[in-house]
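Undergrad: Quick one: the structure is below, and I'll ask about it shortly.
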Amino acid sequence: VKRIPFPYSTPEQFEAAVEQPVSREWTTESTHRELTKPKVVLKAGRVIKPIDKSCAILREKDLLRLKTGKKNV
């Protein structure tokens, strides 16, 4: 993997999450359900508004802040 996905801050965190087996053969039924449940559940037929493009694009100062780790840039 060239870049570490969002919720992880180190390669070790990402690798630990990926190495964990998810199938029912390796985990208990309740653990399998917990690991595979969706983060957001909505009622059927509910309209989901599309994401605004401006929210998805990081500004240059936000990128600089993420790279340097400083709170105020």
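Undergrad: Check the range 30-40 and report whether any residue there is small (Gly, Ala, Ser) and loosely packed, with under 10 Cβ neighbours inside 10 Å. Working first, answer last.
TA: Within the range 30-40, the first condition is being small (Gly, Ala, Ser), and the residues that meet it are 30.
Next, from what is left, pick out any that are loosely packed, with under 10 Cβ neighbours inside 10 Å: 30.
Within the range 30-40 (the criterion being small (Gly, Ala, Ser) and loosely packed, with under 10 Cβ neighbours inside 10 Å), the answer is yes, since at least one residue qualifies.
Undergrad: Is it true that residue 22 is in contact with a helix residue (DSSP H, G or I) (Cβ under 9 Å, 6 or more places away or on another chain) and of a type in the set (A, V, I, L, M, F, W, C)?
TA: Here the answer is yes, as residue 22 does meet what is asked.
Undergrad: Among residues belonging to the range 1-57 that are hydroxyl-bearing (Ser, Thr, Tyr) and assigned to a helix (DSSP H, G or I), point out the one that is farthest from residue 67 (Cα to Cα).
TA: Taking the range 1-57 and keeping what is hydroxyl-bearing (Ser, Thr, Tyr), we get 8-10, 23, 27-28, 30-31, 36, 54.
With assigned to a helix (DSSP H, G or I) added as a condition, the list becomes 30-31, 36, 54.
Numbers: 30: 39, 31: 35, 36: 32, 54: 20 Å.
The extreme case among them is 30.
Undergrad: Can you name the residue in the range 58-73 that is in a helix (DSSP H, G or I) and loosely packed, with under 10 Cβ neighbours inside 10 Å and, of all such residues, is modelled with the lowest pLDDT? Please lay out each step first, then the result.
TA: Going residue by residue through the range 58-73, those that are in a helix (DSSP H, G or I) are 60-68.
Filter once more, keeping what is loosely packed, with under 10 Cβ neighbours inside 10 Å: 60, 67-68.
Numbers: 60: 71, 67: 76, 68: 78.
It comes out as 60.
Undergrad: What residue, of 30, 9, 23, 54, is small (Gly, Ala, Ser), in contact with a His (Cβ under 8 Å, 6 or more places away or on another chain) and without any contact (Cβ under 8 Å) to a residue 24 or more places away in the chain?
TA: None of the others qualify; the one that does is 23.
Undergrad: If you don't mind, another one. Looking at the range 12-29, which of the residues that are farther than 25 Å from residue 2 by Cβ and surrounded by fewer than 11 Cβ atoms within 10 Å (Cβ to Cβ) is nearest to the chain's Cα centre (by Cα)?
TA: It comes out as 23.
Undergrad: Of all residues in the range 30-40, count the ones that are within 16 Å of the chain's Cα centre (by Cα) and of a type outside the set (Asp, Glu).
TA: Our first condition is that a residue be within 16 Å of the chain's Cα centre (by Cα); within the range 30-40, this holds for 34-40.
Filter once more, keeping what is of a type outside the set (Asp, Glu): 35-40.
Here the count works out to 6.
The values are calculated or read from the model by the stated rules, or taken from the named source; none is laboratory data. Everything quoted here is computed from the prediction, not taken from an experiment. Every residue, glycine as well, gets a Cβ built from its backbone with ideal geometry; the counts of neighbours run over all protein chains shown.
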